[in-house]
Amino acid sequence: MNKALLIVDLQNDFCEGGSLEVKNSSNIIPVINNLIDKFRQGASPVIATKDWHPFDHRSFASVSGGKIGELGSLNGIPQIWWPDHCVQGTEGAELHPDLKPVDEIIHKGTDPEVDSYSGFFSASGQPTGLETLLKKQEIGTLYVVGLATDYCVKFTVLDALSLGYKVFVIEDGCQGVNLNPRDSELALDDMKKGGAVILSSSELDI
Ligand code: VGL
Ligand code: ZN
């Protein structure tokens, strides 16, 4: 089985200056670029996910009338209301310009009625195509980095584990939103409990 580098949502809106900025997110870009080089050298694929919302996505506080950062409900599923972000075709939805090129892009969050933190499935269980892509390339091991540790990285990793992938999370290649200060730490604990190996890029031996 092969391995792949999976870069979660490294888009302008989640980076410094973006509408849903994750603090210190630019620190992880050189770490990720180094990993991209390593995976290239080993002829292993580099896959990126993109949060890819229509302009009227109902996770947006502006659309649903909720308050940013508060918990509500969207079609019966718990939902945090977010500022408008990663709207299809906008600059904010593009991958960060300093990120080296990737081989494949998987889009998620495209249904205006359903959010999708996971790169594999929407909150209502619709597949994004990531699993199909991994199967086609006979990938069994994922090295995960990106934004945000406490949302999209966490849910992507937990789905990968339940689908049977071996998952390594590269801690210094991730950064969290931390609506509550300990959210990233708790998210890493959850991923570890689910079977992920958490390590730093300096410990990586590939
Ligand atoms: C994300 C909040 C809303 C993420 C996406 O990529 O972690 N967070 N949409
Ligand atoms: Zn989103």
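Restricting to segment 97-114, give me the number of residues that are within 13 Å of ligand 1 (Cβ to nearest atom), open to solvent by less than 50 Å² (accessible area, probe 1.4 Å) and in a loop (DSSP other than H, G, I, E, B).
Count: 2.
With respect to Gly92, is the statement that it is touching a residue at least 24 places away in the same chain (Cβ under 8 Å), under 30 Å from Leu199 (Cβ atoms) and within 15 Å of ligand 1 (Cβ to nearest atom) true?
no
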Review point. Quick one: how many residues across segment 120-143 are touching a Phe, Trp or Tyr at 6+ places or on another chain (Cβ under 8 Å) and within 16 Å of ligand 1 (Cβ to nearest atom)?
Key: 3
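Where residues in segment 1-10 are more than 16 Å from ligand 1 (Cβ to nearest atom) and within 16 Å of the chain's Cα centre (by Cα), which of them is nearest to Pro97 (Cα to Cα)? Talk me through it step by step, then tell me what you get.
At the first step, the residues of segment 1-10 found to be more than 16 Å from ligand 1 (Cβ to nearest atom) are 1-5.
Still in the running and within 16 Å of the chain's Cα centre (by Cα): 4-5.
Details: Ala4: 21, Leu5: 18 Å.
Checked segment 1-10; the qualifying residue nearest to Pro97 (Cα to Cα) is Leu5.
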**Study point:** Condition met for Val22 (within 15 Å of ligand 2 (Cβ to nearest atom), within 26 Å of Asp205 (Cβ to Cβ) and open to solvent by less than 20 Å² (accessible area, probe 1.4 Å))
**Key:** no
Practice item. Search segment 115-162 for residues being part of a strand (DSSP E or B) and open to solvent by 10 Å² or more (accessible area, probe 1.4 Å), and hand back the single one that is nearest to ligand 2 (Cβ to nearest atom). Key: Phe121
Practice item. Tell me, please, whether a residue that is within 13 Å of ligand 1 (Cβ to nearest atom), open to solvent by less than 20 Å² (accessible area, probe 1.4 Å), in contact with a Cys (Cβ under 7 Å, 6 or more places away or on another chain) and not aliphatic (A, V, I, L, M) can be found in segment 59-73. Key: no
Exercise for review: Say whether the condition of being assigned to a helix (DSSP H, G or I) and surrounded by fewer than 22 Cβ atoms within 10 Å (Cβ to Cβ) is met by at least one residue in segment 163-182.
Suggested key: no
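The values are calculated or read from the model by the stated rules, or taken from the named source; none is laboratory data. Model, not experiment: these values are computed from the prediction. Positions of Cβ are generated from backbone atoms using ideal geometry, with glycine treated the same way; all protein chains shown enter the neighbour counts. Calculation scope for accessible area: heavy atoms of the full protein, side chains included, ligands and nucleic acids excluded. Shrake-Rupley method; radii C 1.70, N 1.55, O 1.52, S 1.80 Å.
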